[in-house]
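What follows is calculated from the coordinates using simple rules that are stated; it is not laboratory data. This one's a predicted model, so the numbers in the text were calculated from it and none came from an experiment. Note: ideal-geometry Cβ built from the backbone for every residue, glycine included; neighbour counts use all protein chains shown.
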Amino acid sequence: MSFLSATGMTGGYGGADILTDCNLSVERGEVAVVVGPNGAGKSTAMKAVFGLLNLREGSVVFDGDDITRMAPQERVRHGMGFVPQTRNVFVSLTVEENLEMGAFIRDDDITESKEQVFSLFPILAEKRNQPAGELSGGQRQQVAVGRALMTKPKLLMLDEPTAGVSPIVMDELFDKIVEVARTGIAILMVEQNARQALEIADHGFVLVQGSNRFTDTGEALLANEEVRRSFLGG
Ligand SMILES: Nc1ncnc2c1ncn2[C@@H]1O[C@H](COP(=O)(O)OP(=O)(O)O)[C@@H](O)[C@H]1O
Ligand SMILES: [Mg+2]
């Protein structure tokens, strides 16, 4: 059993099932990447792992506990951090206020966590008093990741963290994500920059129509002819 094991996830938004027997897993200190075409159900699978979707079937086991029926805020207390694909920062709040909001479940001293985020993303320290809405796309994604780190998660889930950023900023963000993983945090990330993401992935999942089409190491997926042709543009 992996540190996170989402097994046989089946369900949707009330109508037809979006996910069918979908499996995702990740170990501590590792990066797992979910790729696949638009509408494949990647975001839906992330929501299911975080408890924002009522699964008809399947289970989510996290750090030894079956959390399938647990509410999202309880999952945060258990060590899950989630950065959704859209509206993942408070644009009218400053960078620092965003980080403080991220720590809402904590009643201990958050100074050290804040300093850790600032040392991971130095530009955020510089812009700590600026509204997040005034930052560039890449900087905003740093705020979103930083905010999730403020709960001291054991698992960090990111839905398209590099959406809309330049290739250079994407590379930088991937470097930071690997740096976070090396501290022992498990990373489960959806990416549309599939090739680059699989390059930093310990494991990858190719999702098609709500089901796993390929599951392997990042390296093996990158070397797989069919994966390359169908999902990585050749
Ligand atoms: N809130 C929702 N209500 C109903 N259907 C949704 C909702 N969100 C997504 N869907 C549908 O679920 C399917 C998978 O969407 P999504 O998980 O966002 O895919 P991906 O993230 O892989 O692009 C799509 O057909 C989409 O239209
Ligand atoms: Mg999505």
*For the Cα atoms of the chain, what angle does the longest principal axis make with the long axis of helix 167-182, in degrees from 0 to 90, nearest 10?*
90
*Work through the residues other than residue 91 whose Cβ is under 13 Å from its Cβ and net out their charges, Lys, Arg +1 and Asp, Glu -1.*
+1
*Dipole magnitude of the range 82-174 about its Cα centre (Cβ charges: Lys, Arg +1; Asp, Glu -1), debye to nearest 20*: 180
_the chain - charge dipole about Cα centre, Lys and Arg +1 at Cβ, Asp and Glu -1, debye rounded to 20_ = 480
*Longest exposed-loop-site-free stretch of the chain, with trypsin sites (Lys or Arg not before Pro), DSSP loop and at most 16 other Cβ within 10 Å?*
129-234
_For a quick size check, give me the Cα extents of the range 89-152 along its three principal axes, largest first, whole Å._
31, 21, 17
